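Heads up, the thing below is written out as structure tokens.
The values are calculated or read from the model by the stated rules, or taken from the named source; none is laboratory data. Because the structure is predicted, anything quoted here is derived from the model rather than measured. Methodologically, a virtual Cβ is constructed for each residue, glycine included, from the backbone with ideal geometry; neighbour enumeration extends over all protein chains shown.
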Amino acid sequence: MSTTVEWIAQELNCPARGNQRLEIHGAESVLKAGPHDITFVGDELNLKRLKSSQAGAVIIEQRLEESFQKAFESTPMTSLTVVDAQAAFIKVIQKLRPARELPEIGISPAADISDQATIGENCHIYPRVTIRPGVKIGNNCRIYPGVYIGDDCVLGDDVTIHANTVLYPDVKIADRVLIHAAAVLGCDGFGYRFENGRYVKIPHLGSVRIEDDVEIGAGTTIDRGMIGPTVIGLGTKIDNQVMIAHNCEIGKHNAFASQVGFAGSITTGDYVRCAGQVGIADHVHIGDQATLGARAGVHRDIPPGEVHIGTPAAPEKEQRKIVMSIRKVPEMRKQIRDLEQQLKTLTQQFEALNDSSQINDKSALT
């Protein structure tokens, strides 16, 4: 789809400067944009990069307008001024690149749906979906090909489940939940007792509960609890290939990046953030608004509001001091070797002086 700067300005309800008839064919980042692309600038760094950009038009954040005008005073660039440049840019992308979804088909005859399942209004269930007895699905849901929904699962309204996802029995999903392809919810936790020289499986008879407005990434696994539910709190966003083990209770509006791993019985407060490949040991609590940096290894509780990095994870300032000290180790080793050599030389000189003094003393006696 292509459009003009004038049309975009109308859509964003914002002022535009420059060539408003310029045709816009696409939307790109600052350094990748071409003469018929629109980009956006929401910070000082990208404002500097804009000097090297070939973009035909730019969405500029209001607070940067004065700096932008000064920078491009001699070579005016077509611009649109908004309060939030990124949000406006996302809106433009959605207009230029409409979402590609499977057609609305209602309930496919090629889906295997139990007579004992309940399906709400305006749902679209695609071929090769399996829905077991006792399942209850709300209104306006989309269940894509290859999804398996086990016995007695419950889905609220406006739930979307992408292809080849598996819901084991008794999984409870609230409203407006989005689950990406090949996620697995409700499988047994990794729990065993060691008896008489062998591992004996601990039954996991709990469930999984997903609250409103949660998004779960592709390939993510959430285990069922041993007794009660594993809980994912309101508004939490989980990236691809994340592992959340049995009995975890995740607070509201958490955000976990790719390949985060939670051991069993972890609890988190609200607004907790985990960067990629964070690993957390069992029975740890992460306080409200805490942040864990990439690849942090967490073995103890994290207080609210703190930023921890490294393995074992420690407060950011403390960990940076440790890292800087480690980087100085080669230099310190060289200094130690130099000091050892100086000490050896001084020792030899002292011994030589001591021997000479003893000879002089003997000479004086004779």
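Points to keep in mind about this one:
- Residue list for region 280-315, filter: among the charged types (D, E, K, R) and more than 19 Å from the chain's Cα centre (by Cα): Asp282, Arg300, Asp301
- Qualifying residue in region 299-314 (condition: under 26 Å from Gly186 (Cα atoms), part of a strand (DSSP E or B) and β-branched (Val, Ile, Thr)): no
- Within region 148-176, residues that are free of Cβ contacts under 8 Å to residues at least 60 places away in the same chain reach partners that are of a type in the set (Ser, Thr, Tyr) and surrounded by 20 or more Cβ atoms within 10 Å (Cβ to Cβ) with beta carbons closer than 6 Å, at six or more positions or on different chains, in the pairs Gly150/Tyr168; His162/Tyr144; Ala163/Tyr144; Asp170/Ser207.
- Considering residues of region 308-337 that are surrounded by 12 or more Cβ atoms within 10 Å (Cβ to Cβ) and small (Gly, Ala, Ser) only, the residue modelled with the lowest pLDDT: Ala314
- Among the candidates Ile119, Ile60, Ile93, Ile107, the residue that is at pLDDT 95 or above, within 19 Å of Trp7 (Cβ to Cβ) and not hydroxyl-bearing (Ser, Thr, Tyr) is uniquely Ile60.
The rows are residues; the columns are (1) in the same structural domain as Pro35 (by TED's automatic domain parsing); (2) surrounded by 15 or more Cβ atoms within 10 Å (Cβ to Cβ); (3) touching a helix residue (DSSP H, G or I) at 6+ places or on another chain (Cβ under 7 Å).
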position	(1), (2), (3)
Pro76	yes, no, no
Thr81	yes, yes, yes
Gln86	yes, no, no
Ile90	yes, no, no
Ile113	no, yes, no
Ala117	no, yes, no
Tyr126	no, yes, no
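- Boolean, Glu6 is surrounded by fewer than 19 Cβ atoms within 10 Å (Cβ to Cβ), closer than 30 Å to Val129 by Cβ and either small (Gly, Ala, Ser) or out of contact with any Ser or Thr (no Cβ under 9 Å at 6 or more places or on another chain) (or both): no
- Residue in region 189-199 that is in contact (Cβ under 8 Å) with a residue 12 or more places away in the chain, part of a strand (DSSP E or B) and either within 27 Å of His124 (Cα to Cα) or out of contact with any Leu (no Cβ under 6 Å at 6 or more places or on another chain) (or both) present: no
- Filter result for Gly305 (farther than 23 Å from Thr220 by Cβ, modelled with pLDDT of 95 or more and not aliphatic (A, V, I, L, M)): yes
- Ser67, sole failed condition from (1) under 16 Å from Gly18 (Cα atoms); (2) small (Gly, Ala, Ser); (3) surrounded by fewer than 20 Cβ atoms within 10 Å (Cβ to Cβ): (1)
- Check on Gly305, surrounded by 17 or more Cβ atoms within 10 Å (Cβ to Cβ) and either touching a strand residue (DSSP E or B) at 6+ places or on another chain (Cβ under 7 Å) or assigned by TED's automatic domain parsing to the domain that holds Val242 (or both): no
- Residue tally, condition in contact with a Leu (Cβ under 8 Å, 6 or more places away or on another chain) and more than 15 Å from Asn254 (Cα to Cα), over region 284-325: 4
- Criterion (surrounded by fewer than 20 Cβ atoms within 10 Å (Cβ to Cβ) and within 25 Å of the chain's Cα centre (by Cα)) met by exactly one of Asp157, Asp223, Asp175, Asp170: Asp175
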